[in-house]
Amino acid sequence: MSDIQSFRDAIEAFITARGWTATRFGRQIAGDPLFVFDLREGREPRSDTRARILKAMQEQAEAPAAPPLRIGVAGLGNVGATLVRILQKDGGELTRKIGRAVTVTAVCARNRSRDRGIDLSSVQWFDDPVALAKSDGIDLFVELIGGEDGPALAAVRAALEIGRPVVTANKALLARHGVALARLAEDNNAQLGFEAAVAGGIPVIKTLREGLGSARIARVYGIMNGTCNYILTRMGNEGIGFAECLADAQRLGYAEADPTFDVGGFDTAHKLAILASLCFGCEIAPDEIFVEGITRITQADIKVAGDLGYKIKLLGIAQRSADGIEQRVHPTLVPKGSALAGVDGVMNAVALETDHVHELLLAGPGAGGPPTASSVLSDILDIARGTRVPPLGVPSQELTPYRQAPMKAHEGGYYIRLNVKDVPGAFAAIASRMGSAGISLESVIQRSDLRVTDGAAGEGETRTVVLITHSTMEQTVREALALIAADGFIVGVPQLIRIEAL
């Protein structure tokens, strides 16, 4: 066998044994990413080049292996158990990718005897997540307990205080304490990863922290709750009511026994608060968000929206203006031809409007064990590689105080559903109030199939009327509706849904 053939064989054996790519070998050993490709095509490097590369291969082989990254996982629910399963199943492949082993050495969960479908016989069990976070037997702490306070907060603080990196999927924790935890991480030279806290398997946090360079973001918006999206999708596709869709979502595991956090819009609000901080470089402000859920959406609303060329989606929207930052969560009419209208079921999507890339849409599964565990793993691998970025995109001391723009200054079109008393002069009075307020109506819809009796019991005969306005100010709409209600011609609370130009 010739010397050059022996050289080629040695390189191929080296690459195979370590699971490297040809490009990685070229960069790290030969100093040329195309070296192996050229060699495979018949190139014969000079003898001194071959000697240099063989020496580098020998030094690589003799170098001590990097110590394993020891993981402690607090919380073995769906996401935690899936994460452990992935690390056990794909451990060899992960080692080849990052050059060191990643192993779960300790866990914490309330029930030790529960069968989670994973082998935990060789890991150390802790009853106290704070003790796990401070244990000398781990290098990285993963918090999957949940909750904005209590054990989750105490354990994350305990880890960061001793300089231990933390990965969490806890949006409630970050929405409430994110700035303080980011500052604690920076003060102790610890990393804090939370990719899984927003939009499950979609890499929106990494995109905002690392992928947009100097791009200035004007608006971030999207579908951020799979439970609500599932319910609204089924209401639209199958013509069934909110209560029936919610019951199905609970039976399938998409909604909790108490679904208020999801259907009330609060889950989306927590995620939006985190995104707004990353997008605009401001402090997290979860209490400065207008929040409206989907519990009042009816089939009448779904039908009219569809007839007019819209779908109803629960959106979280944050945008920067001269008056400050506006954050709102509410049902929204979106055009059927828009990208968000096509995001159905339990999928999520986040759109970013920037000065460099204009609109960027990130879509994918927003919840569930595998997608969320994959995002947790992404943070773990970044930490294993030594990637370091400020938790909130910029150092915490550079975050600006949050300045809230007034919600009532929002401008756009509106869908208004009213239960109007069937008495002479009612429609004329409503039209007069709208006209006096300067609100231009695009259409007035009254059909027998849009009958909604909500709040009308005992008030006599009513008719369900839908008004579609041209672009106007929210404050103007609300003031006009207050006057209409005072006139006594409507029953119940008006349904007001914003129409967004996306």
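Couple of notes before you dig in:
- Cβ-based charge dipole, segment 175-248, positive-most Cα from GLY226, ASN189, VAL204: ASN189
- To the nearest ten degrees, helix 426-436 and the longest principal axis of the Cα atoms of the chain are 60 degrees apart.
- Computed over neighbours whose Cβ is under 9 Å from that of PRO335, the net charge equals +1, Lys and Arg +1, Asp and Glu -1.
- Placed amide H near LEU441: partners under 5 Å, 5+ positions off or other chain: HIS470
- Kirkwood Rh, angstrom, the chain [1 / mean 1/r, Cα pairs]: 25.8 Å
- 10 Å binning of all Cα-Cα separations within segment 226-350, expressed as whole percents from 0 upward: 13, 43, 32, 11, 1
- Cα long-axis angle, helix 226-238 against the chain (0 to 90 degrees, to the nearest 10): 50 degrees
- A crude spin-label estimate for the pair GLN28 and GLU244, with each label 7 Å from Cα along the Cβ direction, gives 5.8 nm.
- Expected 222 nm ellipticity per residue - DSSP helices of 4 or more, -39500 (n - 2.57), all of the chain, to 500: -11500 deg cm²/dmol
- Rg(Cα)/(2.2 N^0.38 Å) for segment 408-499, N = residue count: 1.02
- Dipole of the chain, positive end: most advanced residue of VAL477, LEU252, LEU132 [Cβ charges, Cα centre]: LEU132
- Net dipole in debye of the chain [+1 Lys, Arg Cβ; -1 Asp, Glu Cβ; about Cα centre; nearest 20]: 760 debye
- For peptides 127-139, 186-198, 12-24, sequence by mean Cβ density within 10 Å, most packed first: 186-198, 127-139, 12-24
- Between VAL167 and PHE141, VAL142, GLU143, GLY193, the built amide H atoms are under 5 Å apart, and every one of these is 5 or more places off in sequence or on another chain.
- Fully extending the segment from GLU479 to ARG110, taken as 0.36 nm per residue of separation minus the present Cα-Cα distance, adds 127.6 nm.
- Residue among ALA51, GLN28, GLN5 farthest towards the positive dipole end of segment 3-62, charges placed on Cβ: GLN28
- Sequence-distant lysines (8 or more away, or on other chains) whose Cα lies within less than 21 Å of LYS97: LYS89, LYS206
- Shape metrics for segment 3-62, restricted to C-alpha atoms - Rg then Dmax, Å: 10.3, 29
- Reachable lysines, given that their alpha-carbon falls under 18 Å from the alpha-carbon of LYS311 and they are not under 8 places away in the same chain: LYS303, LYS336
- Computed from point charges on the beta carbon alone (+1 for Lys and Arg, -1 for Asp and Glu), the dipole magnitude for segment 3-62 about its Cα centre is near 140 Debye.
- Theoretical FRET efficiency, 1/(1+(r/R0)^6), r = Cβ-Cβ of ARG251 and SER432, R0 41 Å, to 0.05: 0.25
- Between the helical axis of 171-187 and the longest alpha-carbon principal axis of the chain there is an angle of about 40 degrees.
Read-outs throughout are calculated quantities, based only on the coordinates presented, and are distinct from any laboratory measurement. All values derive from a computational prediction rather than experimental measurement. Please note: Cβ atoms are built from the backbone with ideal geometry, for glycine as well, and neighbour counts cover all protein chains shown.
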